[in-house]
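Structure first, then comments.
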Amino acid sequence: MKNNRGFTMIEVLMVVLVVGILASLAMPQYTKVVEKAKMSEAKTVLSAIRTAEGVYFMEYDAYTDDLTKLDLDEGIYTSSGRLFDYTIDVLGTVGHANFSFTITAERLGGAFAGSTMIMSADGTLSATGLYADENMVRHTSSSSSKKSGS
């Protein structure tokens with residue numbers, strides 16, 4: 001009697017098929033997890049810009065839409081490998097109650113290109129594009145927890 005060792009072609013194909021199915025189920029979730037990590041960086045930068053706007057306002061009694069006027073590391077908005085493009089929109093008129101700003105982080109490249117995170121002057125976050133579709137940004141306000149604690 002002949003001693004057969006090894007795997008048949010059917011067994012190998014079944015293993016490849018199972019691995020392929022598992023990979024196809026895991027990849028979308030993996031992509032989301034990686035994108036959330038990238039979004040974490042953007043949230044940190046949005047907060048830094050928001051803080052710098054507050055400092056600028058204390059010094060000049062106005063907000064600016066020019067990132068170069070803020071006390072920030074230039075690499076945040078000029079580095080060639082950056083993942084987001086940051087812009088500031090100044091809203092309202094100096095001296096009026098509606099005078100404020102929003103900061104937008106727009107995703108550059110990748111599956112989420114064009115999606116944005118927006119932080120208002122009070123720290124409220126919102127999202128557009130795939131970030132909103134995938135429910136990846138919690139609509140929160142950092143100032144609301146401070147107000148309720150006072």
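The values are calculated or read from the model by the stated rules, or taken from the named source; none is laboratory data. Just so you know, these numbers come straight off a predicted model, no measurement behind them. Note that we place each Cβ from the backbone using ideal geometry, even for glycine, and neighbour counts take in every protein chain shown.
List of remarks:
- The condition of being in a helix (DSSP H, G or I), out of contact with any strand residue (DSSP E or B) (no Cβ under 8 Å at 6 or more places or on another chain) and charged (D, E, K, R) holds for residue 59.
- Subset of region 1-56 that is of a type in the set (Lys, Arg) and touching a residue at least 24 places away in the same chain (Cβ under 8 Å) - its residue that is nearest to residue 121 (Cα to Cα): 50
- The single condition among (1) more than 30 Å from residue 31 (Cα to Cα); (2) touching a residue at least 24 places away in the same chain (Cβ under 8 Å) that residue 84 does not satisfy is (1).
- Residue ID - nearest to the chain's Cα centre (by Cα), chosen from residues in region 62-76 that are surrounded by 16 or more Cβ atoms within 10 Å (Cβ to Cβ) and either in contact (Cβ under 8 Å) with a residue 40 or more places away in the chain or assigned to a loop (DSSP other than H, G, I, E, B) (or both): 72
- Condition broken by residue 69, with the remaining ones in (1) farther than 15 Å from residue 118 by Cα; (2) at pLDDT below 90 satisfied: (2)
- Some residue of region 47-56 being buried (at least 18 other Cβ atoms within 10 Å of the Cβ) and either of a type in the set (S, T, N, Q) or within 30 Å of residue 28 (Cα to Cα) (or both): no
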